[in-house]
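No lab work stands behind these numbers, since they all come straight from the coordinates. Keep in mind that what you see is a predicted model, and the values were worked out from it rather than measured. Cβ placement follows ideal geometry from the backbone for every residue including glycine, while neighbour counts extend to all protein chains displayed.
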Amino acid sequence: MNSPVTPSAGSPAKPPVGEPAKPSAGDPDMSSPPRHAASLVLLRDAPEGLQVLLLERPREDNVLSGAHVFPGGKLDADDSLESSLQRFDAELGSLHARLGEPELDIIESCALFMAAVREAFEESGLLLVRGADEALAARARAMRHEGRAFSEILHSLDLSLDALSMHPWSRWVTPKTSTMMRRRFDTRFFVACLPQGQQISTDAREVVSAKWLAPRDALERYWAGEIEMAGPQIMTLAHLSRYADVDQVMRDAATRTPPIIRPEPIDTEHGRMICYPGDPAHPVAQRAMPGPTRMLVDGRRYGPLEGFDAFFS
């Protein structure tokens with residue numbers, strides 16, 4: 001496979017600490033506070049093992065253009081409507097506790113669950129609703145094509161959102177110095193199983209293609225330059241590659257508090273690198289996830305200096 005990065009020959013035994021990255025003339029203005037967002041990592045079991053849904057963004061998209069991502073997007077005002085939040089099949093207080101962010105109130109926490117479900121529906125056509133089949137999902141998609149808001153669809157079809165089948169997984173905050181992002185987001189990642197009996201139906205305005213890939217297969221395609229991805233997707237896939245099936249992922253997610261990951265850009269002798277918790281250059285000493293603790297940035301490409309296998313070490 002071809003490496004997506006071109007580090008200097010010979011990696012040091014101990015990674016250099018480096019210096020905090022300084023914005024260059026070509027970097028976008030990232031001084032504004034991050035916007036709340038949510039993403040749903042949809043999983044399924046296939047004969048060859050665990051698979052993840054990845055959606056390809058259009059090239060003209062102003063957020064992660066051309067990249068393969070999990071369904072997701074920014075928080076909308078309607079996500080906080082209490083009448084809609086009451087349609088979750090779990091007490092709102094329990095969802096608040098599961099998110100693990102006591103500084104947020106109950107409505108703010110539950111709105112993030114809602115945003116993840118709504119964005120997954122809008123981008124993939126999959127409806128995380130208790131008892132939903134393809135016929136019901138198709139009715140909901142038809143209403144959306146008519147211009148109906150997700151909150152209105154919930155009430156019109158009397159839907160019960162399946163919050164019990166989704167779990168918070170991680171929280172990623174865009175740094176002020178970024179390579180692929182032109183805006184800052186504070187994104188909560190959730191994991192959920194593919195709803196039974198439903199088919200993917202993407203919105204061409206938001207999605208070029210949809211792929212079910214094993215986490216390692218997706219990383220191999222990325223490493224070979226066949227697809228583009230950003231750091232949160234890359235590191236999440238490296239993490240998920242450790243699991244055999246959906247049940248294993250969900251059981252783990254249910255027993256831990258989602259880690260907060262604030263990537264730290266640094267400038268080193270090899271070039272700019274992105275560091276994660278547990279790296280010597282990161283202010284958080286404890287690891288938040290398995291895989292490399294830093295990746296070299298080469299344009300819109302990221303990769304560990306040690307090579308592809310470092311994703312799984």
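Key figures
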{"read-out": "Net charge dipole size for region 197-296 [Lys, Arg +1 and Asp, Glu -1 on Cβ; Debye, nearest 20]", "value": "220"}
{"read-out": "Karplus (6.51, -1.76, 1.60) ³J(HN,Hα), θ = phi - 60°, over region 276-288, in Hz, Gly and Pro reported as x", "value": "10, x, x, 7, x, 8, 9, x, 9, 6, 8, 4, 9"}
{"read-out": "CD proxy at 222 nm, helix term only [per DSSP H run n ≥ 4: -39500 (n - 2.57); per residue of the chain; nearest 500]", "value": "-7000 deg cm²/dmol"}
{"read-out": "Centroid-to-centroid separation of region 153-219 and region 245-311 [C-alpha atoms, Å]", "value": "20"}
{"read-out": "Dipole of region 149-260, positive direction: furthest Cα of W212, G225, C193, with charges on the beta-carbon", "value": "G225"}
{"read-out": "On Cα atoms only, tilt of 106-124 relative to the major axis of the chain in degrees", "value": "90"}
{"read-out": "For region 201-313: Kirkwood Rh in Å [reciprocal of mean 1/r, alpha carbons]", "value": "15.4"}
{"read-out": "Phi-based couplings in Hz for region 197-210 (Karplus 6.51, -1.76, 1.60; Gly and Pro marked x)", "value": "x, 10, 10, 5, 9, 7, 8, 4, 6, 10, 9, 7, 7, 10"}
{"read-out": "About the Cα centre, charge dipole magnitude for the chain (Lys/Arg +1, Asp/Glu -1 at Cβ), debye", "value": "540"}
{"read-out": "Computed label-point distance, nm, for sites S156 and A254 using a 7 Å Cα→Cβ extension", "value": "3.5"}
{"read-out": "Rounded to 10°, Cα long-axis angle of helix 134-145 versus longest principal axis of the chain", "value": "80"}
{"read-out": "Normalised alpha carbon radius of gyration of region 190-242 [divisor 2.2 N^0.38 Å]", "value": "1.27"}
{"read-out": "The chain pair-distance distribution - Cα-Cα, 10 Å bins, rounded %", "value": "6, 27, 35, 23, 8, 1, 0"}
{"read-out": "Charge dipole magnitude, Cβ of K and R +1, D and E -1 - region 131-240, Cα centre, debye nearest 20", "value": "520"}
{"read-out": "Degrees separating the helix 231-240 axis from the principal Cα axis of the chain, which is the longest one", "value": "80"}
{"read-out": "Whole-number percent relative contact order across the chain, with pairs defined as alpha carbons under 8 Å at least 6 apart", "value": "27"}
{"read-out": "Chymotrypsin sites (Phe, Trp or Tyr not before Pro) restricted to DSSP loop in region 205-313 with at most 16 other C-beta within 10 Å", "value": "none"}
